[in-house]
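Step one of this worksheet: look at the structure below.
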Amino acid sequence: MKTLNAPSKISLAELSRQTDAMLRKGDSDHFNWASDGSAPTLAQLTEALFFSPGDGRIWLNDQRMLLVHSAAMGHLRRELIDTLGLARARGLLTRAGYVSGARDAQLVRQRWPDGDAAAVFMAGARLHALEGVVKVTPVSFSFDIDRGTYDGEFLWEHSSEDDEHISAYGIGADAACWSQVGYATGYVTTLFGQQVIFREVDCRAMGASVCRVIGRHAAAWGDISEDLRYLEAHDFRAMAPGAEPQAMATTPALGPAATATQDRHEVVGASPAFVSACHLLDRVARTSATVLFSGESGVGKEAFARRLHRISSRADKPFIALNCAAMPEGLLESELFGVEKGAYTGAHASREGRFERAHGGTLFLDEVGALSPVAQAKLLRVLQEGELERVGGSRLIQVDVRVAAATNVDLRAEVQAGRFRADLFYRLNVFPLHLPPLRERREDIPLLMSYFLRRESQRHGREVRGFTARAVRAALHYDWPGNIRELLNLIERAVINVEDGMAIDVHHMFRGEPLARQAVLAVSSDGELAREADPGVDNLLQHLQSTLGAAALDLPALEARLLAEAVQAHDGNLSAAARALGLSRAQLAYRLERHAGG
C-alpha cells in the first residue's frame, strides 16, 4: 500500500504525476494490482467493460450498461424539455446522472477497496470518458477527509449533452450539462462520504469554448437549496412547459419561513426506487382514489401520505392522521367516527371524529390492519357510501374524505387468516404503493444525512461541521432495520452528542447497534486507502491453514485447482473465469502462469 506524498491533499502536479505513472506502469505487477497503490488504472477500468452480444447485454463489472445513440438521447432530452418544461427536465436528467455516478462510485469502492486515493477519485472521470459522455481534465483538486472538505475544478470537453442541446436549441443563457453535473455530484458524494455539490460555471451551450465545473463540499457553497431543487425528486405535479424552478414545491430551506410540519415530514431522495414511488404518487394525487401504502416500519409512509395531500386538489383542506394501533380498541371507533352526547359514561358532549374533521381533505390511517372487526365494517361503509353514524347516534352524516391507509403487515395474509375483511381490503387496495426500505435505496443515504443534519442542527441550536468519512461509511453499510426513522433518530442523537464545531463520528451516532463489516473504501487522514472488511478469501484460507495445519490444507494446490476448474467451467475463456472468481483477467493470467511455472 502506498501513501500519497501530500497527506489527504492532492495538488494538480502530484495528481498528474501519479496518474501518468499509473498509465505507464499498467498491469506489470499483476498479482498485487489491488494493493500496490496504482489501482484502478485506466487499463483496469477498461478491462471491467465487456460485451456479451450473444445474450444482448453489456457489462461494466457487474453492472449492466447500454450502448445508446447520442442522437437518441438528444431526442429524449428535447421531448422532456418540450413536454415537461426546462425545470422539470433538468431535474429528471440531473437525478439520473446522480444515480449513475453513485453506481460507478460503488463499483470502484467494491472492486478496488485498496486502490490509490488519487486513482480512485479520478476513476469517476475516467469512467465517464470510458462511457462516452465527456473528456475530463483536472485544473485543481484537493480534499481533506479529517476536516470534511473537498475542492475541485475540472474542464469538460466533447460533452455529448452540449452537442445535442446546441443542435436542438442553439447557444443560450444557461448551462446544459445537467446529467453530467448530477453524475459528478453522485460519484464524489458517494465516494467521499460527504455532500459534495458540483456547479457548471462555464458551458459550451452558453458560448464558452470549453465547459468548466467546480465541486465543493456543501458547507463551502453556503446556500445549496437551488442545487437540491434538481437533485431531489420533490415535486411531480403537472406543470406547464416553461415553468420556472421557483414554481416548484421545493425542499424547505430550513429557515424561519419553513413550517415545522413541512420540515418534519419532507421526503428526500434521488434513487430509482424513490423516484419511481414519487411518479406513482403524482399519478394518483390527481385523483380521489384511496391509496394503500405498504412497507416496513419507518420507511416514511406518513411523509408520503402528507405529500400526497400537498400535491392534490385537497391541499387547502385538512390533513388528519391516526395511528390505529396506538389507540385503545374501546376508543378507536369514537375517535374515527365521533360520539354523541350520552353515548356512554363520560360522553358529556357530542364530539366530531377524525372523518368529520378531515371533511374535504385527507384522512391517513396508519397501521390499518389493527382495526377491530366492528371498526372495519364501519370504515367500509364510509368508503362506499360517504356517510357515517357517530357512536351512540342515529343521524347519517355525509363526509367527503380521501383515505390514505398504511400497513407494515401483509393484508392479504391477514385476509386469508380471517383477521381482516376481504371487501375492505379490496376497497383500500385501489392504488397500492410500496415504499422500499432504506437498505434498497442506499444512494439516498448521503442526501438524507445532509438534510437531517441541517434540520436537527437548526432545531437544537447546534453548529455541527458535518460527518467524518468513518461515520458515513458506517451509515452506508448499516442494515437500517428502522429505516429512515432510525436514521433520523441516530442523527438527532449525534447532533446532541457532538461538540459544536466538530464533525459527527461513529460513536456519536451508534451506541450498540450492530455495524456491518463489509468491504468498503476507507480513506485515512494521510490519504491512504485501506480495506475495512471481513477477511477475504486468501485471509480465510490462511486462517483455516493455521487452524487445521499445513498438512490438512495445501493453499497453493487449492488455489491452482480452483483456478483450473474455473477456466474449464468457462471453456477456456479467461475473462469469464476471472469475473467468476472476482479477479481481473491479468490477475488470473498471472496466477495461472505462476502455478504452471511452479
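The values are calculated or read from the model by the stated rules, or taken from the named source; none is laboratory data. Quick caveat: nothing in here was measured; it's all calculated off a predicted structure. Here the Cβ positions follow ideal geometry from the backbone for every residue, glycine too, while neighbour counts run over all protein chains shown.
Can you name the residue in the range 430-474 that is in a helix (DSSP H, G or I) and of a type in the set (Ser, Thr, Tyr) and is also nearest to LEU380 (Cα to Cα) among such residues?
First, pick out the residues of the range 430-474 that are in a helix (DSSP H, G or I): 438-440, 442-460, 469-474.
Checking which are of a type in the set (Ser, Thr, Tyr) leaves us with 450-451, 457.
Working: SER450: 42, TYR451: 39, SER457: 44 Å.
If we take residues in the range 430-474 being in a helix (DSSP H, G or I) and of a type in the set (Ser, Thr, Tyr), then TYR451 is nearest to LEU380 (Cα to Cα).
Are any of the residues in the range 393-409 part of a helix (DSSP H, G or I), within 23 Å of ILE311 (Cα to Cα) and in contact with a strand residue (DSSP E or B) (Cβ under 7 Å, 6 or more places away or on another chain)? Spell out the reasoning first.
As a first pass, look at the range 393-409 and keep what is part of a helix (DSSP H, G or I): none.
Within the range 393-409, not a single residue is part of a helix (DSSP H, G or I), within 23 Å of ILE311 (Cα to Cα) and in contact with a strand residue (DSSP E or B) (Cβ under 7 Å, 6 or more places away or on another chain).
Considering only the range 126-150, state which residues are of a type in the set (Gly, Ala, Ser) and either touching a helix residue (DSSP H, G or I) at 6+ places or on another chain (Cβ under 7 Å) or surrounded by fewer than 20 Cβ atoms within 10 Å (Cβ to Cβ) (or both). Can you show your working first?
Of all residues in the range 126-150, those of a type in the set (Gly, Ala, Ser) come to 129, 132, 140, 142, 148.
ALA129, GLY132, SER140, SER142, listed by residue number.
In the range 433-457, which residues are surrounded by fewer than 22 Cβ atoms within 10 Å (Cβ to Cβ) and acidic (Asp, Glu)?
GLU440, GLU456
Have a look at VAL188, VAL210 and point out the one that is surrounded by fewer than 22 Cβ atoms within 10 Å (Cβ to Cβ) and of a type in the set (A, V, I, L, M). Walk me through it before giving the result.
Numbers: VAL188 fails: surrounded by fewer than 22 Cβ atoms within 10 Å (Cβ to Cβ).
Only one candidate passes the filter, namely VAL210.
Within the range 382-415, which residues are of a type in the set (D, E, K, R) and surrounded by 15 or more Cβ atoms within 10 Å (Cβ to Cβ)? Write out each step before concluding.
Of the residues in the range 382-415, the ones of a type in the set (D, E, K, R) are 385, 387, 389-390, 395, 400, 402, 410, 412, 414.
Across the range 382-415, the qualifying residues are GLU389, ARG390, ARG402, GLU414.
Among (1) hydrophobic (A, V, I, L, M, F, W, C); (2) outside any loop (DSSP other than H, G, I, E, B); (3) surrounded by 15 or more Cβ atoms within 10 Å (Cβ to Cβ), which single condition is LEU583 missing?
Looking at each condition in turn, LEU583 falls short on (2).
When both residues are 6+ apart or on different chains and their Cβ atoms are under 9 Å apart, which pairs have a first residue that lies in the range 38-66 and is more than 19 Å from LEU581 (Cβ to Cβ) and modelled with pLDDT under 70, and a second that is of a type in the set (Asp, Glu) and surrounded by 14 or more Cβ atoms within 10 Å (Cβ to Cβ)?
Qualifying pairs under 9 Å: SER38/ASP116.
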